[in-house]
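Reviewing the structure listed below.
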Amino acid sequence: MTSFKQFALIGSTASGKTDLAIAYAKKINANILSLDSLAIYKEIDIVSAKPTLEERGGILHYGIDLISPNEPFDVTTFIDLYQKAKKASIAKNKNLVIVGGTSFYLNILLTGISELPKISETAQLKTNECLKDLKEAHIFLSKLDATYMHSITPQDRYRIGKMLNLYFETNLNPTAYFKAHPPQATITENLPIYEIEVERTVLRERIKKRTIKMIERGVIDEVFSLEKHYTREPNCMKSIGIKEVLSYLDGHYTKMEMKEKIVTHTAQLAKRQRTFNKSQFLNKTLLPLEELQTLLLK
């Protein structure tokens, strides 16, 4: 298939991306690749606001319901997902719509990521030993590479562990390694990017309505079940919508306070998403939802 086309649809949470992406995919005969850090999990349905099977309208979605809440993933997961979605779409004479609020992953697909070495058992054992004292491990890496470690907090066990593995495997500090192994972009062809622009007060009302809908659909029961099966240890249990419900279950919030906290934290997330999109995606079409619907669906 030489006529394969792909498009990206981005926007802050609750901006209307999901419905528009599904309608657009139907129009252009496309599959959908979801770039969402919560929708990727099985059993996290209400908090993630992932579309139901009925709402997907028969459109094949990649990146939804792939892993359990206690399974880890990183940006390479979405690189693999993109390659799988593209290959499968071409094989079936389909186009591809990439959509999601976690546009950091889209940025990685466009700008690239350095390939990391396979970590030997010897290196991993050294890392595990260092991680017994996280503060000392951070100090150790900071002495090796103060510039790189400046952006990593002493509490970030995951990233500290990755940098320790890198050093013990290659004997290079992070800066030296990434200089020797520059990032390689996954998407090298032209990718039209559309972003939904939403006025702040309108978006906050949309967030309020979505939060109320989440509560009515049973988000409290969903989070209770997640905690029962997976504890609070997985990273996803610290996500917006989950952490506030856990605080409610602990008795720290009333139900009304829980709702208000979810709305406030989601609005703050939306602001960060808008800021990121503004700085990272310069060549894009930015329009209000109604105008974007007219442009894409006419």
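The values are calculated or read from the model by the stated rules, or taken from the named source; none is laboratory data. As the structure is a prediction and not an experimental result, all values here were calculated from the model. Please note: Cβ atoms are built from the backbone with ideal geometry, for glycine as well, and neighbour counts cover all protein chains shown.
Quick notes
- Some residue of segment 31-46 being part of a helix (DSSP H, G or I), surrounded by fewer than 24 Cβ atoms within 10 Å (Cβ to Cβ) and in the same structural domain as GLU227 (by TED's automatic domain parsing): no
- Looking across segment 233-265 at every residue that is surrounded by 12 or more Cβ atoms within 10 Å (Cβ to Cβ) and among the basic types (Lys, Arg), the one that is farthest from LYS50 (Cα to Cα) is identified as LYS261.
Conditions tested, residue by residue: (1) in contact with a Phe, Trp or Tyr (Cβ under 8 Å, 6 or more places away or on another chain); (2) free of Cβ contacts under 8 Å to residues at least 60 places away in the same chain; (3) part of a helix (DSSP H, G or I).
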site: THR266; (1), (2), (3): no, no, yes
site: ARG274; (1), (2), (3): no, no, yes
site: ASN277; (1), (2), (3): no, no, yes
site: LEU282; (1), (2), (3): no, yes, no
site: GLU291; (1), (2), (3): no, yes, yes
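- Filtering segment 7-43 to residues that are at positive phi and of a type outside the set (Gly, Ala, Ser) leaves ASN29, GLU43.
- Candidates LYS42, LYS27 - the one that is within 30 Å of GLU216 (Cβ to Cβ) and among the basic types (Lys, Arg): LYS42
- Restricting attention to segment 60-72, the residues that are surrounded by 15 or more Cβ atoms within 10 Å (Cβ to Cβ) and either outside the structural domain of THR18 (by TED's automatic domain parsing) or in contact with a Pro (Cβ under 9 Å, 6 or more places away or on another chain) (or both) total 4.
- Listed here are the helices (runs of 4 or more DSSP H) enclosed by segment 155-228 that have at least 1 residues being modelled with pLDDT of 95 or more and within 30 Å of LEU134 (Cα to Cα): 157-170, 174-180.
For (1) under 30 Å from PHE168 (Cβ atoms); (2) among the aromatic types (Phe, Trp, Tyr); (3) touching a residue at least 12 places away in the same chain (Cβ under 8 Å); (4) not assigned by TED's automatic domain parsing to the domain that holds GLN280, each residue gets a yes or a no:
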site: THR76; (1), (2), (3), (4): yes, no, yes, no
site: VAL97; (1), (2), (3), (4): no, no, yes, no
site: GLY101; (1), (2), (3), (4): no, no, yes, no
site: PHE104; (1), (2), (3), (4): yes, yes, yes, no
site: LEU125; (1), (2), (3), (4): yes, no, no, yes
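- Test: residue in segment 1-20 that is buried (at least 23 other Cβ atoms within 10 Å of the Cβ) and touching an Asp or Glu at 6+ places or on another chain (Cβ under 7 Å): yes
- Within segment 73-93, being surrounded by fewer than 17 Cβ atoms within 10 Å (Cβ to Cβ) and not hydroxyl-bearing (Ser, Thr, Tyr) holds for PHE73, ASP74, VAL75, ASP80, GLN83, LYS84, LYS87, ALA88, ILE90, ALA91, LYS92, ASN93.
- Those residues of segment 257-298 which are closer than 18 Å to THR13 by Cβ and acidic (Asp, Glu), in sequence order: GLU260
- Any hit, segment 126-145, residues being acidic (Asp, Glu) and surrounded by 13 or more Cβ atoms within 10 Å (Cβ to Cβ): yes
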